[in-house]
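Notes to accompany the following structure.
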Amino acid sequence: MRILIAPDSFKGSLTSSQAAAAMEAGITSVRPDVEIITMPLADGGEGTRDIFQNLYGGVVTHDILFFDDHGRSSALIECATLIGLNLPSMQKNNVFERGSSPLGRSLLTALQSGVLDVRIALGGSATVDGGLGLLMALGCRVLDADGLPVSADLNGLMQARSIETGGLKALLKDVLITILSDVQNPLCGQDGTVCMYGAQKGIKTAQISSVDAAMRQWGALCEKVLGLSVHESAGAGAAGGIGFAIQLLGNFCDVKRVSGAEQVMCASHFDQLVNTVDWVLTGEGRSDAQTLQGKLPFMVAQQANKAGVPSVLIAGKISDDQTLQDYFTQMISATPEGVSIAQAMPRAEAYLEDAAARWAKEALS
């Protein structure tokens, strides 16, 4: 009996490595004879940089992973470590005062180091500034109706009326930027970044309409100046619109977007290993309908299903069971009934270990 444990991180409580170890401990407490392979994974969100460092080596400097990929000097920047929703530096400000300039400064640092292959993991951001801060950090000037510079945040986006691209062409010459993201949303509208993700980042219901309108105006302004129409492109709404801003840079360099989960799974050789096991266990902090939009557990389940291997989802909390049940052989919520998320997070490791043990008792006895 061989079991592959391949979870994502449990946001705010466990890294993917810690989650895999907890699942392994739970199973071995019931079946110490079972062979277990752990493969911590990520999908472009929290933990992606650590996974890449485990796979490629390299050195983290200024929150950037510099590594060698088959002879090509590369860099990976993780959005969650710089402007992540769980960071104290983000939580102390309301959403209108948060911006993507820390990500832009890291991108600038990577480019100034001479790296031409930059990968940006876009999951887990706390911002909804349409990438305004990132563009300003790269040297763009964004002005209000009076010709004054705006702040590099959502407040600035609400006031932006003109943009100057500065030295982007020289800065981005010969550069390839790869976006690692599984978010398919466009920039604006009902399925856009504000309407879909604004509330979880702190935009109040009464503000959604006006912020979405400002995002639409910002998108039209940028596209007029840069000559590209990408606001409806898949992933433009990633990370509060940072995906849109990076795709705009395609006017000056090569930009491509890939599935973060697929990229990590491919580099980890998941597709080869899944054919050698009897079960696959995966998980994340919260599973719901959004999991099916390309999140790591869904991608794991898809490949397991293709290989004819049963897949088990163990998540901190599971909603939309009926929506998910067609893709997973079994689903287990690790959080006990009546325990809130806030109460569960400090005990996430113990709850996850217990859930894996309960599964092993039922499935492997």
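Structure values in brief
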read-out	value
Cβ pairs under 8 Å, 6+ apart, first in region 89-108 and farther than 30 Å from Cys253 by Cα and assigned by TED's automatic domain parsing to the domain that holds Lys173, second of a type in the set (D, E, K, R) and part of a helix (DSSP H, G or I)	Val95/Lys201
Answer residue from region 283-298, given it is among the hydrophobic types (A, V, I, L, M, F, W, C) and closer than 21 Å to Trp359 by Cα and is surrounded by the most Cβ atoms within 10 Å (Cβ to Cβ) among those	Leu296
Index of the failed condition, Asn54 passing every other in (1) at pLDDT below 95; (2) in a loop (DSSP other than H, G, I, E, B)	(2)
Candidate set: region 70-93, residues that are among the small types (Gly, Ala, Ser) and out of contact with any Lys or Arg (no Cβ under 8 Å at 6 or more places or on another chain); chosen: the one modelled with the lowest pLDDT	Ser89
Test: residue in region 225-234 that is β-branched (Val, Ile, Thr), in a loop (DSSP other than H, G, I, E, B) and out of contact with any Phe, Trp or Tyr (no Cβ under 8 Å at 6 or more places or on another chain)	no
Filter result (touching a helix residue (DSSP H, G or I) at 6+ places or on another chain (Cβ under 6 Å) and part of a helix (DSSP H, G or I)) within region 196-219	Gly198, Lys201, Ile208, Val211, Asp212, Ala214, Met215, Trp218
Failed item, numbered, when Lys256 is tested on (1) assigned to a helix (DSSP H, G or I); (2) within 26 Å of Ser229 (Cβ to Cβ)	(1)
Looking only at region 171-202, and only at residues there that are of a type in the set (A, V, I, L, M) and touching a Phe, Trp or Tyr at 6+ places or on another chain (Cβ under 9 Å), the one that is nearest to Ile242 (Cα to Cα)	Leu187
Set Ile332, Ile314: member being over 19 Å from the mean Cα position of the chain (by Cα), surrounded by fewer than 20 Cβ atoms within 10 Å (Cβ to Cβ) and assigned to a strand (DSSP E or B)	Ile332
Residue within region 18-39 that is without any contact (Cβ under 8 Å) to a residue 60 or more places away in the chain, part of a loop (DSSP other than H, G, I, E, B), of a type in the set (Ser, Thr, Tyr) and not assigned by TED's automatic domain parsing to the domain that holds Ile179 present	no
One residue from Thr291, Thr323 being of a type in the set (Val, Ile, Thr), more than 19 Å from Ser17 (Cα to Cα) and over 21 Å from the mean Cα position of the chain (by Cα)	Thr323
Candidate set: region 184-194, residues that are under 16 Å from Trp218 (Cβ atoms) and in a loop (DSSP other than H, G, I, E, B); chosen: the one nearest to the chain's Cα centre (by Cα)	Asn185
Residues of region 264-280 satisfying the condition of being out of contact with any helix residue (DSSP H, G or I) (no Cβ under 9 Å at 6 or more places or on another chain) and either in the same structural domain as Leu122 (by TED's automatic domain parsing) or without any contact (Cβ under 8 Å) to a residue 40 or more places away in the chain (or both)	Cys266, His269, Gln272, Asn275
Region 205-247, subset farther than 21 Å from Ile177 by Cβ and charged (D, E, K, R), residue surrounded by the most Cβ atoms within 10 Å (Cβ to Cβ)	Asp212
Pair list, Cβ under 7 Å, 6 or more apart: region 342-365 residue in the same structural domain as Ser16 (by TED's automatic domain parsing), other residue modelled with pLDDT under 95 and assigned to a helix (DSSP H, G or I)	Tyr351/Ala344
Residue within region 3-11 that is under 20 Å from Arg347 (Cα atoms), at pLDDT below 95 and polar (S, T, N, Q) present	yes
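The values are calculated or read from the model by the stated rules, or taken from the named source; none is laboratory data. What you see is a predicted model; the values in this text were computed from it and never measured. Quick reminder, even Gly has a Cβ in these numbers, built from the backbone with ideal geometry, and neighbours come from all protein chains shown.
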